[in-house]
Amino acid sequence: MSSPDLQTWKRTHYSKDIDSSMDGKEVIIVGWISSIREHSNIKFLTINDRFGNIQVILKNNEYPDSLSSEVQKIREHASIAIKGKVRSEPKAPKGIEINPIEFKILSLANKNSPIVIQSRKGVGIDTRLDLRAIDLRRPFLQSIFSIRYTVLNSCRKFLGDEGFIEVNTPKIIATATEGGATLFPIFYYDREAFLTQSPQLYKEQLTMAFENVFEIGPIFRAEPSRTNRHLSEATSIDIEKAYADYNDIMEILEKMIHFLWDEVRSKNKSHLEYLKIALPDLSLPFRRYRYSDLIEKLQKSGESIELGDDISQQKLRNLKDDDMKYFYFIIDWPTSIKPFYVKPKSTGTECESFDLMYGNLELSSGSTRIHDKSELTERMKKQGLNTDAFDFHLKVFDYGMPPHAGFGMGLERLIMSMCGVDNIRDAVLFPRDIDRLSP
Ligand code: AMO
């Protein structure tokens with residue numbers, strides 16, 4: 001028998017809209033079965049929909065004979081529509097349940113799922129990712145992705161209110177911006193091209209026409225290592241602002257984080273509760289550590305690290321400094337370890353740059369950019385880049401490029417910090433990494 005469809009049936013209520021004041025009222029609910037408990041001749045079903053769940057009671061002999069074989073085949077995950085009466089029942093999870101008059105099993109689950117819906121941790125990550133659409137039904141991930149949705153909306157709201165316009169720049173590009181090693185080459189007709197690592201050059205150019213731009217879009221990094229904080233395809237929140245320097249950008253970024261924290265606190269109470277997260281109170285401005293001071297601090301704590309070295313996550317973890325538990329900036333990095341477009345300070349050895357950290361997790365990098373063509377060309381040459389390949393970019397600098405600055409922030413890293421997620425793969429729907437290209 002093929003599965004029926006809804007035909008003339010229309011959902012009358014979501015589970016969240018049904019309460020004990022509706023005792024005796026007829027409703028149609030639609031959803032999937034997240035649990036089945038059997039007690040003598042009764043099946044207790046939990047039906048989940050977009051906004052929650054509700055208990056339904058199936059008593060033997062109280063449904064049409066034509067459905068009895070279907071009922072025997074009901075497993076968790078099946079899709080079902082139920083026309084029934086609301087009944088107050090103090091013993092039911094929410095004090096109400098639905099007694100069916102009629103129901104349609106819209107789609108049976110043919111297999112027992114290896115994924116346990118109510119489990120917080122779930123089974124192994126690979127089993128979960130292989131059946132990701134099912135895994136995403138777990139309240140743990142539902143909570144994370146509801147928060148992610150609030151963060152995305154709130155970013156757009158915040159940046160729009162700050163006078164930024166949203167843009168979309170090419171994802172198929174001709175040159176690297178963040179170092180050649182992490183580029184994904186692709187065939188582009190008869191030429192080699194790459195997937196973008198960052199909208200860097202485009203967002204800089206757009207400050208000429210729009211002053212303040214932002215983009216929320218994919219970035220691609222061929223990360224060879226298997227870590228819990230790197231993806232091959234991530235989502236980046238990028239901004240670029242004309243007539244501004246890195247201090248202005250840090251102020252915008254910390255204000256934005258503060259706004260996002262408040263929005264998630266007010267819009268995702270139940271999700272935070274489920275995740276057992278109490279977002280820490282944030283006070284602005286975030287602490288700023290100069291890179292060179294931090295190196296000294298690390299050296300004093302016994303770490304072997306020199307000026308000019310990158311600061312690894314492990315070294316920061318070893319510091320165990322309470323002031324570095326949440327958000328802080330590391331500013332004024334060595335010019336030698338930052339990309340070519342970052343503006344050096346007058347000393348030359350340090351540059352107007354920052355990383356925003358959350359504990360030992362890097363969330364964002366930003367800087368004042370070089371807006372002078374000859375200075376930019378020099379920096380490119382110093383980094384061994386072929387300036388001809390950047391001709392398309394350099395030539396707009398002949399027409400009055402304004403001073404500008406900006407940041408890029410990894411959305412998944414931000415979600416990790418907010419939701420206490422250990423593995424970045426749980427902050428993205430369908431992760432891509434060195435081992436995974438599907439689903
Ligand atoms: P950067 O390379 O530091 O800077 O990247 C900015 C932020 O993007 C996130 N990110 C990643 N997230 C997950 N997986 C990855 N493989 C990955 N790579 C980067 C991080 C990081 O802090 N153009 C500059 C930004 C700017 O100056 O505007 C840039 O891309 O959270």
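The values are calculated or read from the model by the stated rules, or taken from the named source; none is laboratory data. All values derive from a computational prediction rather than experimental measurement. Surface accessibility is based on the protein's heavy atoms, side chains included, excluding ligands, DNA and RNA. Shrake-Rupley method; radii C 1.70, N 1.55, O 1.52, S 1.80 Å.
Before moving on, here are some points about what is shown:
- The range 366-435 pair-distance distribution - Cα-Cα, 5 Å bins, rounded %: 3, 13, 16, 13, 11, 7, 13, 16, 7, 0
- Value of relative contact order over the range 313-439, rounded to a whole percent, pairs C-alpha under 8 Å and six or more apart: 19
- Here the range 113-162 is treated as an ellipsoid with the same Cα gyration tensor; its semi-axes, largest first and in whole Å, are 30, 10, 7.
- Cα-based shape type of the range 11-149, given that a ≥ b ≥ c are square roots of the gyration tensor eigenvalues and the cut on a/c is 1.5: oblate
- Relative contact order (percent, whole number), the range 59-201, Cα cutoff 8 Å, 6+ residue spacing: 13
- Our note on the geometry: Cα centres of the range 1-51 and the range 198-259, 44 Å apart.
- Surface composition of the range 299-351: carbon and sulfur atoms hold 46% of the protein heavy-atom accessible area at a 1.4 Å probe.
- For the range 220-307, convex hull volume per residue from C-alpha positions, Å³: 213
- At full extension, D322 and R288 could sit 10.8 nm farther apart than now, given 0.36 nm per residue minus the alpha carbon distance.
- Principal axes of the range 67-217: Cα extent on each, largest first, Å: 66, 40, 29
- Ellipsoid fit via the Cα gyration tensor, the chain: semi-axes of 51, 24, 20 Å, each the root of five times an eigenvalue, largest first.
- Over the chain, Cα pairs under 8 Å with separation of 6+ residues give a relative contact order of 13 percent.
- Value of Rg/Rh across the range 39-105 [Cα atoms, Kirkwood radius]: 0.93
- The range 286-439: proportion of alpha-carbon pairs further apart than 26 angstrom, %: 40
- Quick note on the range 315-401: its Rg to Rh ratio, both from C-alpha atoms and Rh being the Kirkwood radius, is 1.10.
- For the range 152-291, dividing the convex hull volume of the Cα atoms by the residue count gives 165 Å³ per residue.
- Residue-normalised accessible area of the chain, given per residue in Å² at a 1.4 Å probe: 49
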